[in-house]
1. Between region 122-145 and region 6-63, what's the alpha-carbon centroid distance in Å?
2. Under the rule that an exposed site lies in a DSSP loop and has at most 14 other Cβ atoms within 10 Å, name the longest stretch of the chain with no chymotrypsin sites (Phe, Trp or Tyr not before Pro) of that kind, not counting the sites themselves.
3. Spelling out what I want: for every residue of region 66-71, take phi, set θ = phi - 60°, compute 6.51 cos²θ - 1.76 cosθ + 1.60 (Karplus), and round to whole Hz; glycine and proline get x.
4. Under 5 Å between amide H atoms, partner at least 5 residues away or on a different chain: which partners does Ala119 have, H built in plane at 1.01 Å?
5. In nm, to one decimal, how far is the Ser155 label point from the Glu38 one, both placed 7 Å along Cα→Cβ?
6. Considering all projection directions equally, how large on average is the shadow of the alpha-carbon convex hull of the chain, in square nanometres?
7. Under the Karplus relation 6.51 cos²θ - 1.76 cosθ + 1.60, θ = phi - 60°, what is the ordered set of whole-Hz ³J(HN,Hα) values for region 155-161, x standing for Gly and Pro?
8. Short version: ³J(HN,Hα) in whole Hz for each residue of region 19-32, in order, from phi by Karplus 6.51 cos²θ - 1.76 cosθ + 1.60 (θ = phi - 60°), x for Gly and Pro, what are they?
Amino acid sequence: DRAYEENYNFSKAPNVPTLTAIPGDNRVTLIWDTFAEESVDPILGRDFEGYRIYRSTDPGWHDMLEITDGAGSVTYLKPMAQFDLDNEHEGYAAVGVKGIHLWLGDNTGIVNSFQDTTAINGFTYYYAVTSYDHGDPAKGIAPSECTRYIAIDKSGNIEKGSNVAIVRPAAPA
């Protein structure tokens, strides 16, 4: 309540991109918009750094490789691909979260599409494209990443974020 009453501002993750997934024959093509790249953090200004791509066969993302802290708590999930700005920010972030330092990337350059050629026909895949920033070591601010949200209720109704897609590749008819 105090933070609200005193109008505190906090650094925030970049905008959530909108993802489109196109199934193919043993492949899935992902395309997303540039909305995240236009993000302006209330504290750090324009600090967008890149995209991380996640794939799971489980809507809870439980079959992904976990990155844990020293106490064994899951802090991050290992993305299947990552694309970042070609700039002065690369390697591990200087400021960590629970002792884990986010991989900022290899200065690969930004892309807005990815083709998963390891997808297998007939399987359902859950994809997410998240945006992340580089934070600010001088201010002690760690990088932040937008969410990847999906929920399935008991009736099978699915609710998901704009950066999440559910797709099942298949051979052409």
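1. 7
2. 11-122
3. 3J(HN,Hα) across region 66-71, in whole Hz: 9, 10, 10, 7, x, 8.
4. Val28
5. That separation, rounded to one decimal, is 3.5 nm.
6. 12.4
7. Residue by residue, region 155-161 yields 7, x, 6, 10, 10, 8, x Hz.
8. With coefficients 6.51, -1.76 and 1.60, one gets 9, 10, 10, 10, x, x, 7, 6, 6, 9, 9, 10, 9, 9 Hz.
The values are calculated or read from the model by the stated rules, or taken from the named source; none is laboratory data. Every value quoted in this text rests on a predicted model; they were computed, and no experiment measured them. In this analysis, Cβ positions are derived from the backbone assuming ideal geometry, glycine residues included, and neighbour counts consider all displayed protein chains. These accessible areas exclude ligands, DNA and RNA; they are computed on the full protein's heavy atoms, side chains included. Shrake-Rupley method; radii C 1.70, N 1.55, O 1.52, S 1.80 Å.
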